[in-house]
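Some notes on the structure that comes next.
The values are calculated or read from the model by the stated rules, or taken from the named source; none is laboratory data. None of these values were measured; they are calculated from a predicted model. Note: ideal-geometry Cβ built from the backbone for every residue, glycine included; neighbour counts use all protein chains shown. In case anyone asks, the SASA skips ligands and DNA or RNA and just uses the protein heavy atoms, side chains included. Shrake-Rupley method; radii C 1.70, N 1.55, O 1.52, S 1.80 Å.
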Amino acid sequence: AVYDMLATIKAKLDAGRALLYQTSRYVDIYKALDDIARERKLTPEERQEQKRYAKLADSFTPLAKGMNSEYANQNAYDCIQVHGGSGFMMEYACQRIYRDARITSIYEGTTQLQTVAAIRYVTNGSYAATLHEYEMIPCAPEFEGYMNRIKDMTRKLEACTNAVKEAQNQELLDLVSRRLYEMAAVCVMSHLLLQDATKAPDMFGKSLNVYVNYAESEVEKHFNFIRKFQAEELESYRK
Ligand SMILES: Cc1cc2nc3c(=O)[nH]c(=O)nc-3n(C[C@H](O)[C@H](O)[C@H](O)COP(=O)(O)OP(=O)(O)OC[C@H]3O[C@@H](n4cnc5c(N)ncnc54)[C@H](O)[C@@H]3O)c2cc1C
């Protein structure tokens, strides 16, 4: 049980970091093109690139902020648990890490507001389009199985998104938006870890395995909830 917790902490850390770096890359590219545009007129191809990366940066920023601050909280909680009663005491660093982590999902935009910012990229298919582009990036032959599992996860995200859109019920979309957001985020992070593991299997191979196992169970949980949920049940969620 303890090594499951430790492996999952490491996998979430590697996945979250991969998402942060990818988001930073998207921001850097469009900002560099913004800088060039101040010096000279951009070519039509550069303008297209600037637009593409600005959109990717806009869609990835709420994923990176929301998921990393939630993972910081989950990892700090598990960190105390790994240390048992000692972890709760002032003498150990993890109680302070836990208190420090707690604010990150509140300030600079709560996770709920990151979801509000991200949900349009779920419903307009932006994340799905990026995920399909990632599917075209070759991975190491020994990791093909993970690629297929991530593709299945993406199909489930798309099935849920379509079901919610077809219902044409804003209240239903609001209720399940966090679930759709997390489904998109874990699919993205699984792909990024797959890309990292292809480049550096010794560093990321194990985290890829642990994270895809975790991500798949998250997707399955949300898929079941959304598939079974009836609009009449919204009444039970109102005060
Ligand atoms: C230690 C600390 C330092 C801070 N530093 C700064 C600072 O330097 N500068 C600064 O400007 N602010 C700062 N803040 C304020 C911080 O940014 C806000 O606390 C934060 O944005 C949340 O806003 P709120 O507290 O008004 O909560 P509320 O907006 O009242 O939110 C309460 C709950 O409702 C949810 N919620 C609210 N709106 C929606 C919505 N539309 N859809 C779904 N859910 C929603 C939230 O997610 C949250 O769960 C700081 C706060 C703290 C605690």
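What to note about this one:
- Annotation: per residue accessible area for the chain equals 56 Å², rounded to a whole number [probe 1.4 Å, protein chains only].
- Theoretical FRET efficiency, 1/(1+(r/R0)^6), r = Cβ-Cβ of residue 168 and residue 113, R0 30 Å, to 0.05: 0.80
- Gain upon complete extension [residue 37, residue 200; 0.36 nm per residue less C-alpha separation]: 55.1 nm
- Phi to ³J(HN,Hα) by Karplus 6.51 cos²θ - 1.76 cosθ + 1.60 over region 15-32, Hz, x for Gly, Pro: 5, x, 5, 4, 5, 4, 5, 5, 4, 4, 4, 4, 5, 4, 5, 6, 5, 5
- A Gaussian network model of the chain, with springs between Cα atoms under 10 Å, assigns the largest mean-square fluctuation among 189, 67, 147 to 147.
- For region 129-204 versus region 1-70, the inter-centroid distance based on Cα atoms is 16 Å.
- Phi-derived couplings, Karplus 6.51 cos²θ - 1.76 cosθ + 1.60 at θ = phi - 60°, listed residue by residue for region 39-56: 8, 7, 6, 6, 6, x, 5, 5, 4, 5, 4, 4, 5, 4, 6, 5, 5, 4 Hz, with x used for Gly and Pro.
- Projected area averaged over orientations for region 113-231, convex hull of C-alpha atoms, nm²: 7.1
- Label separation (residue 55 vs residue 123): 1.8 nm, computed from points 7 Å beyond Cα along the C-beta direction.
- In Hz, Karplus ³J(HN,Hα) per residue of region 168-183 (6.51, -1.76, 1.60; θ = phi - 60°; x = Gly, Pro): 6, 9, 4, 5, 5, 4, 4, 5, 9, 4, 4, 5, 5, 4, 5, 4
- Take the Cβ atoms of residue 144 and residue 45, set R0 to 30 Å, and the FRET efficiency comes out at 0.35.
- Rounded percent of accessible protein surface that carbon and sulfur make up, the chain, 1.4 Å probe: 56
- Of all the options 148, 75, 213, the one that moves most in a Gaussian network model of the chain with Cα springs shorter than 10 angstrom is 148.
- A probe of 1.4 angstrom, applied to the heavy atoms of all protein chains, finds residue 174 with accessible area near 90 square angstrom.
- Additional length obtainable on full extension of the chain from residue 10 to residue 236, 0.36 nm per residue less Cα span: 77.6 nm
- Surrounding net charge for residue 171, when Lys and Arg each add one and Asp and Glu each subtract one, Cβ distance under 12 Å: -3
- In units of the compact-protein estimate 2.2 N^0.38 Å, the chain shows a Cα radius of gyration of 1.10.
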